[in-house]
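Working notes for the structure below.
None of the figures in this text is laboratory data; all of them are computed from the coordinates on show. Just so it is clear, the model here is predicted, and its values are computed rather than measured. All Cβ positions, glycine included, derive from the backbone under ideal geometry; neighbour counts span all protein chains shown.
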Amino acid sequence: MTAATDFDTLEFLNVCYDYGRRRVLSRVSFSCGAGSIIGVLGPNGAGKSTLLTLAAGRARPSLGEVRYGRAGTSHHLEPALRGRIGWLGHDPGFYPELSARENLSFFARLHDLDQPTARVGEALERARLADRADEPVGGFSRGMRQRLGLERVLLHQPRLLLLDEPFTGLDLHSGALLLERLASLRVARTIVLLSTHDLDLVEPLLDRSVVLRGGRVHGAIASRASASAASAAGLQQAYAELIASDAPAPEASAVDIAPASSSPPPAVGSAPAASTSAEEDSIGAALSRFARVAVTIMKKDMMVEYRNRELFLTTLFFAVSCVLIFAFAFVRDGRPLTDAAAGILWIAAAFAGTLALGRTFDREQAHHTLTALLQAPVERAAIYAGKLLGLAVLLALVEAIVVPLVALFFQAPLFARPGWTLSILALGTTGFLAVGTLFSAMLVRTRSRDVLLPVLLYPMTVPVMIGGVRGTSALLQATPDEPAARAWAAMLLFFDVVFLTLALWAFDAVTSE
């Protein structure tokens, strides 16, 4: 870890954030130090969640800057800096098909932690879930998921912990356990920023609170411990009085929240992080890390799919249905129409691919795991590559069944030149998925994504469909036309290189809020 990736202070410097034409946050300024547990309070719509989103680096300020010690985020939050932040939203963000141990192990690998097995075991003990570590998280109660979620975001020992309404839906026992765990972070000198409406519950925990109203800092409330017993009002009362005040929010306000302890900050480099050796700084090490992350995400997707088989069976059924329907339409007296096999093969692959693409990021969004993925200290292009690999494996399994069916029903010699057939099929499928994976990520937060995905995808992949059909047709002639197949394969390869490069470059931008 370098000095640029560790910090002892968090500062908001005249931060503004616009959502469309509406200003959600306006000139917000405050700072807090290591060992502080800070409440972010305010009525619904005050900008609390937006403030935490900016602190997590998931969005960029329209104006102003968020600073982590000496590192600022006016433009981009580097992966190494994201590795010093833990974020827990309304939903803990787990894959319900995977066990508690498998979920934690997956995120430990994304953070590239040393001794991940030991750390996961310790996290399960702290969450008091060691006896249920191998059960699917989908069967856990809200309290169990929330405790496990907190341990997930603390696996990498972050310097900054961001919590958005962590007590929502918890019973008294689960809430008490969560408070106990949060209190222990003060000793570890973690900066905790906590948004909540459960004021009575968190009052003993907080060092100070920042109150937002109308997107501005409306004031600050000191804890009882930092004020005289005679002058300190209860948090609930002080908050109610401040919100009810007719005084307008200041144009710009600065609240300095000192660390809870006067002990010196830990030396830079004391917290766990990636090595800064020359080997890890090399291009080869970066590519190796990129590949490990992509494969880790691909394996996770395959494990989730193996557990529920939802996407594979649906996609396979759809593709096979296409082949059977077209077989009745284009086969007369046992003789198929010329070039029908190539067209039907690529129609089935395109429709099946569209169905798979529509679900890959939608499933992440539904389980609130997309935020956790994007918060991981990895190049976001590696997330794209991992999702693309998972889709490619899924579609390859579907095509392994569909291709023999097309060969059977349409009497097509698809296996006369198996090398060329597989090459064209692989190149065309890769190009289709390269574009589709990017669009799927871009549309995941759009309500009409099921309609917009094919509308955007099909015009962009017309060259893929033409190249795939014509290249396959060239191989189905009585005398296979290998020069034509080679030319179409070269066109598909060029398309793949161009769009893979564009997608890897643009993925970070399209997934930022």
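Computed from label points 7 Å out along Cα-Cβ, the spacing between LEU324 and PHE415 is 2.2 nm. Put simply, the Cα atoms of the stretch 278-511 extend 63, 37, 30 Å along their principal axes, the longest span coming first. Dividing the Cα radius of gyration of the chain by its Kirkwood radius returns 1.06 for Rg/Rh.
Under unit Cβ charges (Lys, Arg +1; Asp, Glu -1), what dipole magnitude, rounded to 20 debye, does the chain have relative to its Cα centre?
Numbers: 47 positive and 47 negative charges, 91 e Å.
So the dipole magnitude of the chain works out to roughly 440 debye.
Run lengths n ≥ 4 of DSSP H only: what is the helix-derived mean residue ellipticity at 222 nm for the chain, with -39500 (n - 2.57) per run over all residues, to the nearest 500? Before the final figure, lay out the partial values.
Working: 18 runs with 273 residues, N = 513.
Estimated from H runs of four or more residues: -17500 deg cm²/dmol.
The distance from the alpha carbon centre of the stretch 112-161 to that of the stretch 20-65 is 27 Å, rounded to a whole number. Extending 7 Å from Cα along the Cβ direction at GLU125 and again at LEU337 yields two label points whose distance is 6.9 nm. Over the Cα atoms of the stretch 313-394, each weighted equally, I'd like the Debye log10 I(q)/I(0) at q = 0.24 Å⁻¹, rounded to two decimals. Debye curve over Cα of the stretch 313-394, log10 I(q)/I(0) at q = 0.24 Å⁻¹: -1.11.
Is the shape of the stretch 79-120 best called rounded, prolate or oblate, per the rule: a/c under 1.5 gives rounded, else a/b larger than b/c gives prolate, else oblate, with a ≥ b ≥ c the square roots of the Cα gyration tensor eigenvalues?
Working: a/c = 2.39, a/b = 1.10, b/c = 2.18.
It is oblate, given that a/c is not under 1.5 and a/b is not larger than b/c.
Would you mind calculating the relative contact order of the chain from Cα pairs under 8 angstrom and at least 6 residues apart, reporting the percent as a whole number?
Values: 835 pairs, mean separation 88.3, N = 513.
Relative contact order for the chain comes out at 17 percent.
Put +1 on the Cβ of each Lys and Arg and -1 on the Cβ of each Asp and Glu in the stretch 278-511; which of LEU397, LEU287, LEU355 then has its Cα farthest toward the positive end of the dipole? Towards the positive end, the residue furthest out is LEU355.
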